[in-house]
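Here is the structure we will look at, set down as structure tokens.
Readers should treat all values here as calculations from the given coordinates under stated rules, not as data from a laboratory. Bear in mind the structure is a predicted one, so any value in this text is a computation, not a measurement. In this analysis, Cβ positions are derived from the backbone assuming ideal geometry, glycine residues included, and neighbour counts consider all displayed protein chains.
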Amino acid sequence: MNQINTHLLIVGGGAAGLAAACKAYEEGLDNVLIVEGSKELGGILLQCIHTGFGLEYFKENLTGPEYMQRFLDKIRKYGIQVMTQTMALKIDSRSRYEHIVTVSSPEKGFFNIDAKAVIMTTGCRERGRDELNIPGDRPAGVMTAGTAQRYMDVYGYLPGKEVVVVGSGDIGLIMARRFSQEGANVKGVYEILPYACGLRRNQSQCLKDFGIPLHLSSTVIQINGKKRVESVIVSKVDEAFNPIPGTEEEVKCDVLILATGLLPDTRFPKLLPEGIGLKIDPGTGGPIVNDLFETNIPNIFAAGNFLLVNDTVDDVTIQGEVAAISAAKALADKSPVDVDWKHAIVGEGIRFVVPQMFSGNKDVCFYMRVTRPAENVFIEVPEVDKRFFNRIVRPPEMIKLVLSEEQLSSGNLTFKIKPSTSFLKAAEPIQIREGRTYKEITCIVCPVGCQTMVEMVGDQVREIKGATCTRGIEFIRQEAVCPVRILFTVVPVENSSSVKVLPVRSDKPVEKNLLNEAYRRLATCRVKAPIQAGDLIVRDFPCQGVNIVACRTVLS
Amino acid sequence: MSVEEVVVIGAGIVGACVARELSKYENLNIKLIEKEIDVSCGTTKANTGIIHAGYDDDPMQYPVRAALCSKGNALWHNMVEELGLHVNWCGSIVGATNEDEITVLETLLKRGITNNVPNLKLLIGEEARRLEPKLKNLKAALYAPTEGTILPFEAAIAIVENAKSNGVLPVLETEVVNIEQKNGGGFLIKTSLGDFKADWVINAAGLYGDEVSKMAGILRTNNGVSIEIHPRRGEYWIFPSEYGSPVRHIVFPTPTGATKGILLTPDPEGSLLAGPNSEELSSIDKEDKATTRIGLNEVYKYITEKWGPILPPKNKCIKNFAGLRAEPQHGDFIVEGYERCTGFINAIGIRSPGLTSAPMIAKEVLNLMAKQGFRGKVKEKWNPHREPIPRTLFLPYEQRGRLVSADSRYAHLVCWCEGVSEGEIVEAIKRGARTIQGIGFRTRAGLGRCQGMSCQSKIVEILSRELGIPPEKVLLKSKGSEVLTCGIKDLVGVFNEPN
Ligand SMILES: Cc1cc2nc3c(=O)[nH]c(=O)nc-3n(C[C@H](O)[C@H](O)[C@H](O)COP(=O)(O)OP(=O)(O)OC[C@H]3O[C@@H](n4cnc5c(N)ncnc54)[C@H](O)[C@@H]3O)c2cc1C
Ligand SMILES: Cc1cc2nc3c(=O)[nH]c(=O)nc-3n(C[C@H](O)[C@H](O)[C@H](O)COP(=O)(O)OP(=O)(O)OC[C@H]3O[C@@H](n4cnc5c(N)ncnc54)[C@H](O)[C@@H]3O)c2cc1C
Ligand code: SF4
């Protein structure tokens, strides 16, 4: 079999892979290769056309494609080698510095890549209908949120007009909004847990903005329709998540969107029976790593959603960079690493901690999730007598905890939840006075998500009640006086065989009440490649001084 | 010698086998008429896939089943080779957990010997548990080494491909709506696509066999039993191979009632099937293949109570599905011709073990035709073989290289779970796949761990390109099962203000 050589091979060209490649180059590695199974680099970012990316890393509010484009531009500038439509099939690790990766591509057929180090960034996959055991007919129109998103924002087709969404995580909320923006009727979002899982920001901007009802402690228990989905039966559930008889209700729809969670995509090693022998953490579903993000196979690193399912791309990017720095070090200094790894122990109330092992020779950022929501708690590390207060913790929100070299040097550490006795002041009950006008506004500035009542005098704010801190005031005031949003959507591309739709956005926030009309008017807009990211698509739209611009580059 | 026209109604496993058997003869013009868009869309696509040994069918009560099943088993051993099918000749056990059940096993053993089932063995105690170490409460087992599993949809598709290469013409998306007997012999088959003349009509219409029989004026069997087919549903769990099967053989419980009970079946791809249960449908709906919470729970609970907690957790399930048995009034196959309607032959009421018996049913149909005067001459050159679609990823290195250099699409992997290439998908379309399901049945694309959520959009693109249809016309499995609704901007023009 043909063979090529590289120093560092990156498997998967999503956010983690792109960040790893750029960082490796910046660390001085000049023989870096990315293999990506799909036609294009970008991974999940390609189809996430909404804003909310890069708030931490770039301190800007970008769309997924814009975030991706920044890395693609660097990859091109650095001249990093990329092979797309190249799928990694198996890894045969012969020694620390010899990893034979078999890949296939229509251009080059099946061949081997001999890499001195490998970073795995193959992302995650969604949970499907059968893992949820939803009984009923098996018609067309039952799909995961990611599949629907790909059909809409990569292929340019709508998979339905009457939509039911299962799962209130960010992905479910974001897809509910996406369908609404394109004129579909979203009947409701059904969440089996007694609380919504997505960020407050998304609960408010995806559901409230579009009048989409959220049903808690509810789920879909049956799918009806022989050919295409015709309706679903929804039901309330009890504490053990069993449907409560008598609460069933039929909801007519032609598409059922499943947004019920992600799992690291360890299929790749499963593809061929021999696998590659990665040790998996049952808590994350991804590989067990040390603080270099190195797996149990020396010089095979892992990052991004393949390592653990992340909430934000910023964390994914950082993980890619950490893995790249580790790989660069390993390749520069060939002396065998002999570390006495210490373990991060999962304690009471915690589902997982990543990295699972640490050396104690450097500061480490630990990622963890709790098992259930709680208020006023400490994350406690008893061995070093450390406590970190949290006003609110919820399983959908990742907790990051940086411990110093000094704290880590002592030995194994346990991470656990401990209730706090010193309660923060709860919000005072809000008194509504007769004859005054109020607006109900959810603060989305932090995960607490205070429900506030804003007393208005004309279109001026007189008083804000119910906020437990001052950080949210500016946002709440703006929401009360004149709520604004970034406009984003896709526009069909007329002349490209590879890119069907172009993601676009407004370069400034737009008054919320202008948006519906704007989406309707944009429906007839068409563009022609070539297009550069940032190109002006429509000037002064939907109002003076705001422009619609392209979020990514499309070559002709 | 003049050419005789034959119409076979229904492209399930029975119709497929009949068409293939007929294709061995000279001077026949054979049409295989099927109402669905693809072959194997009826009962044949959703069953356990077992090639039974044949000890189960009581020759006194079910003489036709008993006569055909074990012979069918022997024919399959040969056919899987000829047709290049996936098969797992794992053997089966009927497990007993107490003394009473051992008595039943003895009866089954005797019956098996009457039915000419080879190599049956009754194993007691340790000997039985050695076969299935995880079944701790096994007291005895009737071991049938000739039993195995196939992928029934793959089999029907392969048989039709082979029949086609021997001159059979499949006519899909064509529903038989009436059968007229012509004066002076012969039939006029009225279909949704127009009329077909026929000298011979073989009814292999599965669940609709009674309705087709009625069209020909046959309401009762030669023994006077009313011809009525009732749907009886069976539901399943499939667990993927990555969790490892807890059993190595097909494991039946000792039978109690009408069915063989709820079983465990390792399929040819290494997945584990648990099921089916047996639900008499009160409705006359012959398409009600919905799974139910009650039915699925019954299956899971039954296995767990019978054999202990050996199933993977429910949320590791790769797929739930249900199949409908075509249950005749008296429980036996109806394979017969009629003096009052020469040339019309029923092959219906083919409930379990119909998959196993199908090749033998086909031979029986030829016998019945011979009794009515068919004097066909066997072709000198008849091709028993069919090349399977190559599974690129699993080919030896040299062979793979040749394939890829001839068509580079064989190195473009589309389905990542099962490792299926674009080349295989395009070849499946060339061979007749029209739907996403049709591609899955021929290549396994989309049947793996993620059930198509990563590759379905790519398959839609390929189907659209190869069939020359817009993506929103691509079907999941049947007419009306479009995956997409319209272009992304087609609705927003008529946007409603949110309330
Ligand atoms: C709907 C949705 C909304 C989101 N919203 C936000 C948000 O608002 N803000 C935010 O910060 N984050 C958001 N995220 C999260 C963030 O975008 C993702 O976590 C991040 O982009 C994941 O990057 P990744 O590189 O780990 O994985 P991916 O992007 O999935 O990349 C993996 C890549 O590996 C390739 N691959 C897989 N297997 C192989 C193989 N064997 N060989 C070769 N290539 C392979 C895949 O094709 C893919 O391109 C969202 C995610 C989703 C799904
Ligand atoms: C749950 C279950 C488990 C089973 N397990 C096994 C097993 O393990 N082993 C075994 O040997 N057997 C098994 N069986 C039995 C086996 O599946 C059936 O006997 C076999 O598939 C029947 O095939 P068929 O060709 O008669 O019917 P079908 O596959 O239903 O084919 C009939 C075809 O006729 C077509 N048709 C109907 N009406 C018309 C019309 N008017 N015009 C044109 N076309 C028409 C239909 O569309 C259909 O494609 C099982 C059955 C079930 C339901
Ligand atoms: S008001 Fe303060 S505490 Fe409350 S949600 Fe806003 S930022 Fe968080």
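Tell me, what is the FRET efficiency for residue A:341 and residue A:436 to the nearest 0.05, using R0 = 60 angstrom and their Cβ-Cβ distance as r?
On the way: r = 62 Å, r/R0 = 1.04.
With R0 = 60 Å, the Cβ-Cβ based efficiency is 0.45.
Give me the extension gain from residue B:479 to residue B:395: residue separation times 0.36 nm, minus the current Cα-Cα distance, reported in nm with one decimal.
26.7 nm
Calculate the FRET efficiency for residue B:137 and residue A:31 from the Cβ-Cβ distance with a Förster distance of 60 Å, rounded to the nearest 0.05.
The pair residue B:137/residue A:31 has a calculated efficiency of 0.50.
Using helices alone, what [θ] at 222 nm do you get for chain A, with -39,500 (n - 2.57) per DSSP H run of 4 or more residues, divided over all residues and rounded to the nearest 500?
The helix-only estimate for chain A comes to -5000 deg cm²/dmol at 222 nm.
Give the span of segment A:213-323's Cα atoms along each principal axis, as three whole-Å numbers ordered largest to smallest.
Principal extents (Cα only, largest first): 56, 30, 26 Å.
Using DSSP, restrict attention to beta bridges with both residues in the protein assembly as shown and report what percent are antiparallel, rounded to the nearest 5.
70 percent
Take the alpha carbon gyration tensor of chain B, find the square roots of its eigenvalues, order them as a ≥ b ≥ c, and report rounded if a/c is under 1.5; if not, report prolate when a/b exceeds b/c, else oblate.
Taking the square roots of the gyration eigenvalues as a ≥ b ≥ c, chain B is rounded.
Could you give the dipole magnitude of the protein assembly as shown about its Cα centre, charging the beta-carbon of Lys and Arg +1 and that of Asp and Glu -1, in debye to the nearest 20? Provide the component values of the computation, followed by the final result.
Details: 124 positive and 125 negative charges, 159 e Å.
That gives the protein assembly as shown a dipole magnitude of about 760 debye.
Hey, rough spin-label estimate for residue B:165 and residue A:524, points 7 angstrom out along Cα→Cβ, what's it come to in nanometres?
Output for this residue pair reads 5.7 nm.
Based on the Kirkwood radius over alpha-carbon pairs, what value in µm²/s does the Stokes-Einstein equation return for the translational diffusion coefficient of segment A:4-148 at 25 °C and 0.890 mPa s? Each step should come with its number before you reach the end.
Numbers: Rh = 16.8 Å.
Rounded to a whole number, D works out at 146 µm²/s.
Give me the distance between the Cα centres of segment A:348-380 and segment B:119-168, rounded to whole Å.
Cα centroid to Cα centroid, the span is 50 Å.
For each cysteine in chain B, check whether another cysteine's C-beta sits under 4.7 Å from its C-beta; list those where none does.
Result for chain B is B:17, B:41, B:69, B:90, B:317, B:341, B:417, B:450, B:486, no neighbouring Cys Cβ within the cutoff.
Counting only DSSP beta bridges with both residues in chain A, tell me the antiparallel percent, nearest 5.
Antiparallel bridges make up about 65 percent of those DSSP assigns within chain A.
Please identify every one of the trypsin sites (Lys or Arg not before Pro) in segment A:511-546 that sits in a loop by DSSP and has no more than 13 other beta carbons within 10 Å of its own beta carbon. Before the final figure, lay out each step's value.
Numbers: sites: A:512, A:520, A:521, A:526, A:528, A:539; in loops: A:526, A:528, A:539.
Passing sites in segment A:511-546 are A:526, A:528, A:539.
If only Cα atoms are counted, what is the Rg of segment A:129-176, and what is its Dmax, in Å?
11.2, 30
With a ≥ b ≥ c the root eigenvalues of the C-alpha gyration tensor of the protein assembly as shown, is it rounded (a/c under 1.5), prolate (a/b larger than b/c) or oblate?
Prolate, because a/c is 1.5 or more and a/b exceeds b/c.
With a ≥ b ≥ c the root eigenvalues of the C-alpha gyration tensor of segment B:368-499, is it rounded (a/c under 1.5), prolate (a/b larger than b/c) or oblate? Show your work: numbers first, answer last.
Values: a/c = 2.94, a/b = 1.48, b/c = 1.98.
Because a/c hits 1.5 or more and a/b fails to exceed b/c, segment B:368-499 counts as oblate.
Within the P(r) computed for segment A:408-556, what percentage of the Cα pairs occupies the region above 22 Å? Spell out each step's value before the answer.
Values: 6705 of 11026 pairs.
Summing the P(r) tail past 22 Å for segment A:408-556 gives 61 percent.
Of A:508/B:458; A:208/B:477; A:161/A:512, which ones are farther than 32 Å apart at the Cα?
Numbers: A:508/B:458 35 Å; A:208/B:477 37 Å; A:161/A:512 23 Å.
Beyond 32 Å: A:508/B:458; A:208/B:477.
Loop only per DSSP, at most 13 neighbouring Cβ atoms within 10 Å: give me the GluC sites (Glu not before Pro) in segment A:1-80, ordered by residue number.
A:56, A:60
Positive end of the charge dipole of chain A (Lys, Arg +1 and Asp, Glu -1 on Cβ, about the Cα centre): tell me which of A:307, A:516, A:457 has its Cα farthest that way.
A:516
Hey, can you rank B:145-151, A:473-479, A:440-446 by average C-beta count inside 10 Å, highest first?
Details: B:145-151: 22.0, A:473-479: 16.3, A:440-446: 18.9.
Answer by packing, highest mean first, reads B:145-151, A:440-446, A:473-479.
Counting only other chains, and only Cβ atoms inside 10 Å, what mean value do you get across the residues of A:152-163? Working shown, then result.
Working: counts 2, 1, 1, 9, 5, 13, 10, 7, 5, 4, 1, 0.
Per residue, the number of nearby Cβ atoms from other chains is 5 on average.
Restrict the search to segment A:83-121; then list the chymotrypsin sites (Phe, Trp or Tyr not before Pro) that DSSP places in a loop and that have at most 16 other Cβ atoms within 10 Å of their Cβ.
Here the sparse-neighbourhood loop sites are A:97.
Label-point separation (nm) for residue A:329 and residue B:193, each offset 7 Å from Cα along Cα-to-Cβ?
6.8 nm
Report the FRET efficiency, 1/(1 + (r/R0)^6), for residue A:539 and residue A:478, where r is their Cβ-Cβ distance and R0 is 25 Å, rounded to 0.05.
Given R0 = 25 Å and the Cβ-Cβ separation, E is 0.50.
How shielded is A:79-87 by partner chains, expressed as the average number of their Cβ atoms within 10 Å of its Cβ atoms?
Mean partner-chain Cβ count within 10 Å for A:79-87: 2.
Between segment A:479-547 and segment B:212-290, what is the separation of their alpha carbon centroids in Å?
With segment A:479-547 and segment B:212-290 each reduced to a Cα centre, they are spaced 54 Å.
Sort A:449-457, A:482-490, B:267-275, B:373-381 for me by packing, meaning the mean count of neighbouring Cβ atoms within 10 Å per residue, highest on top.
Packing order, densest peptide first, comes out as B:267-275, A:482-490, A:449-457, B:373-381.
Enter the mean number of other protein chain beta carbons within 10 Å of the beta carbon of each residue in B:444-455, as an integer. List each step's numbers first, then the result.
Working: counts 0, 0, 0, 0, 3, 9, 10, 6, 4, 13, 11, 1.
Rounded to a whole number, the mean comes out at 5.
Just to be sure I understand: if I project the alpha-carbon convex hull of segment A:488-550 onto a plane and average over all orientations, what area do I get in nm²?
For segment A:488-550, averaging the hull's shadow over all directions gives 3.9 nm².
Can you compute the label reach from residue B:330? Point 7 Å from Cα along the Cβ direction, backbone N cut-off under 13 Å, restricted to segment B:198-221.
Inside the label zone: B:220-221.
Under 17 Å from the Cα of residue A:416, which aspartates and glutamates turn up, not counting those fewer than eight places away in the same chain?
A:348, A:375, A:380, A:383, A:385, A:397
Could you give me D for chain A, from Stokes-Einstein at 10 °C and 1.306 mPa s, where the hydrodynamic radius is the Kirkwood radius over C-alpha pairs? Units µm² s⁻¹, please.
Calculated translational D: 63 µm²/s.
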